[in-house]
Amino acid sequence: MNKLLPLLAMLMVTPAIFAQTQQQKIDSVCKLVKQYFNAKDAENIYALAGADFHKQLPPETFKQVCTNNLFPLGELKETVFENITDGVGKYKAVFATAKLDLLLSLDKTDKIQVFLFRPYTDATAKKTTKVPFTNPLVTSLDKKVDSILQPFMAEVNTVGVSIAVLKGGKVYYYGYGETAKGNNQVPDQLTIFEIGSISKTFTATLLADAVNKGKINLDDPANKYLPDSIPALSFEGVPVTVKSLINHSSGIPRMPDNFTSVNDNDPYKDYDNSKMFSFYKHFKPTRKPGASYEYSNLAAGTVGVILEKLNKATYENMLFNTITKPLGMNDTKQYLHKEDSVRFAKGYADGNYAAPWNFKAFMGAGGIRSTAADMVKYAEAQLGKAPTALNKDIQLTHTPTFTSGNTTVALAWHYIKPGADEILFHNGGTGGYRSYLGVNLQKKFAVVMLSNTTISVDGLGNDLMKWLENDR
C-alpha cells in the first residue's frame, strides 16, 4: 500500500485547535478497525474508507492485501495513539507476531483516507546527545527559539531545521541539527530545502499577475482554459471557476484517480499534463463548486498548468520573471543546478533517507525549492516590500475568497489564529521535508521554518508567532 504515501504529503495541516477533536474521531474509527481486523472482516474495514481511498485501492486488491499480508500477523492486541501530524494519526499496533505503525486519517466525511501499516518507529524515543546549533542564546528571542526547538530536535527522527524570524525590520537566523545525518553541518539561511505546498502561494501570485494584466478572470470557468475535449466541469449548472481551483472550494478531489506511480521515491515526476487532462475527461463534480472547503493538490496543479498554457511559458520561467528575479530570490527555483547540490539538505522520513521529489503537472502545487534567506524576502514582500506591479499581485492574493466556519482562504493563502492575531499562513511537505511560513500583516513580523524531515514544524512556527505577538 505504498502507493498511498503521496497522500501523506503536500497536505494542509489541520490547525492545532481542531487536533483534539480530530484525534477523537480517528480514535473511534481505529477501534472499529481493530474489531473488524480481529474478525478478519476486510469488507467492513473497506467500508470505513472514503472515496479517495477507494479510488486508490479497489476492494479486491484491499482484500488480497488483508488476506495475504495483514491477517497472518495474528490478533491485533492493542492500538496505542502516539501523535497526530498533518491530520494523520500514528498508532502503535501490537499484533501477536509483530509491532507496526498504523497511520490513519479521515476525509471530510469522516471516512478513512489514509490506512497504512509500516515498520514501527518509536515516536517517544529521544536522541542521546544534543544536536549542534548556531543560536547565540543572548536575547529573549534567542532563548524563546531555543526553548521551542530543543524538545523538537531531541526527537529521534528529527534531523535539521533552518529558522528565520522577521521582527522590527530585522532578520534573525537560527540553525539546528544537520543538513545530512552525521555530517555535523548545521543548516543556515542558504541551505536549500523543498518547500512543498507553500509553492501554492507562488502559483497564486502568478495567477494574480495574469488577472492584473487582464489575461484571465478569477470568475472564469476553468473549462475556458482547458482543452475542448474536457466536458464541462460543473454541478447543477454551477461551474468550477479559476477562483474555486485556487481557494480549495472547487470540489476537485485532492488527487486524481489515475494517479499511479512506478517510483514511490519520486511519485509525481511522471504525472504530466496528458494524464491530468485524461482524468478530467472522465471526471464529474459531485458537489456545488464554491460551497465547501476541500484541500486539493490537483486543483492547484491545474492552475499552474493553465498559467503555463496562457503565458506560453514554463512554470520555472514564470516563477523567475514574475517573482524571484524582482525580489532577488536567487535560490528559489524548480530545478537545482549542479553547484546548488552542495547546499541542498538531504531529506528524511522516519529516520531514513527520502529522495527529492520532481514535478510536472503538479508543479504549481508543491515543486519549489528555497532557502530561509529567500523565504524571508518572500515574507517581506507580503508586507509590501516589492516592486509596484508585483506588490499589486501579492495584495490580491491576500484577499479572502472563501469563508466557512473557522476556515478562511484567500488565493491559496490561509488565515489562521495561533494566538489572538489572525495571520497569513501556509505550510508544506514532500517526501523528506516540511515547511512553515506565517506572516502577521498587522504587526509586520514573520516566521519561516524549513526542515529536512517529515515531522511537522507547524506547532513550532505557531508557538513562535503567538509569542511574537506580545514581545516588545
Name the residue from LEU103, LEU336, GLY347 whose Cα lies farthest towards the positive end of the charge dipole of the chain, charges +1 on Cβ of Lys and Arg and -1 on Cβ of Asp and Glu. LEU336
The answer for ILE416, listing residues at least 5 apart or on another chain whose modeled amide H is closer than 5 Å to its amide H, is ILE423, PHE425
Below 8 Å between Cα atoms, with a sequence gap of 6+, how large is the relative contact order for the chain in percent? 18 percent
Please give the peptides 58-65, 95-102 ranked by average Cβ packing (other Cβ atoms within 10 Å per residue), highest first, as a rough proxy for protection. 95-102, 58-65
In nanometres, what is the gap between the two model label sites at LYS130 and TYR353, each 7 Å from Cα along Cα-to-Cβ? 3.0 nm
Quick check for me: using +1 on Lys/Arg Cβ and -1 on Asp/Glu Cβ, what's the dipole size of the chain about its Cα centre, in debye to the nearest 20? 380 debye
Does the stretch 158-235 come out rounded, prolate or oblate, given a ≥ b ≥ c as the square roots of the eigenvalues of its C-alpha gyration tensor, rounded meaning a/c under 1.5 and, failing that, prolate meaning a/b above b/c? prolate
Whole-percent carbon and sulfur contribution to the accessible surface of the chain (1.4 Å, no ligands, DNA or RNA) stands at 51 percent
Can you give me the span-like helices of the chain, meaning DSSP H runs with 27 Å or more of Cα extent along the axis and Kyte-Doolittle mean at or above -0.5? 16-38
For the stretch 443-472 and the stretch 315-389, what is the separation of their C-alpha centers, rounded to whole Å? 19 Å
Phi angles of the stretch 178-191, converted by Karplus (6.51 cos²θ - 1.76 cosθ + 1.60, θ = phi - 60°) into ³J(HN,Hα) in whole Hz with x for Gly and Pro, give 9, 6, 8, 4, x, 8, 6, 9, 6, x, 10, 5, 9, 6
What's the magnitude of the charge dipole for the stretch 252-340 around its Cα centre, counting Lys and Arg as +1 and Asp and Glu as -1 at the beta-carbon? Answer in Debye, nearest 20. 540 debye
Using a ≥ b ≥ c from the Cα gyration tensor of the stretch 246-399 (square roots of the eigenvalues), is it rounded, prolate or oblate, where a/c under 1.5 gives rounded and otherwise the larger of a/b and b/c decides, a/b for prolate? oblate
Computed over the chain, protein heavy atoms only, probe 1.4 angstrom, the accessible area per residue in square angstrom equals 41 Å²
Name the residue from SER250, TYR225, PHE133 whose Cα lies farthest towards the positive end of the charge dipole of the chain, charges +1 on Cβ of Lys and Arg and -1 on Cβ of Asp and Glu. TYR225
Would you mind counting up the charge near GLY347? Only other residues with Cβ under 13 Å from its Cβ, with Lys and Arg at +1 and Asp and Glu at -1. 0
Length-normalised contact order of the stretch 145-278 in % [C-alpha pairs under 8 Å, at least 6 apart]: 11 percent
Cβ-based charge dipole, the stretch 113-240, positive-most Cα from LEU166, GLN113, ILE216: LEU166
Just to confirm my numbers, what's the Cα centroid distance between the stretch 111-169 and the stretch 237-289 in Å? 34 Å
Dipole of the stretch 14-129, Cα-centred, from +1 at each Lys and Arg C-beta and -1 at each Asp and Glu C-beta, to the nearest 20 debye? 240 debye
What shape does the stretch 357-415 have by the C-alpha gyration tensor, where a ≥ b ≥ c are the square roots of the eigenvalues, rounded means a/c under 1.5, and otherwise prolate means a/b greater than b/c and oblate the rest? oblate
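The values are calculated or read from the model by the stated rules, or taken from the named source; none is laboratory data. Everything numeric here is computed off the predicted structure, so don't read it as measured data. Ideal geometry is used to build each Cβ from the backbone, glycine not excepted, and the neighbour counts take in all protein chains shown. These area figures cover heavy atoms from the full protein model, side chains too; ligands, DNA and RNA do not enter into them. Shrake-Rupley method; radii C 1.70, N 1.55, O 1.52, S 1.80 Å.
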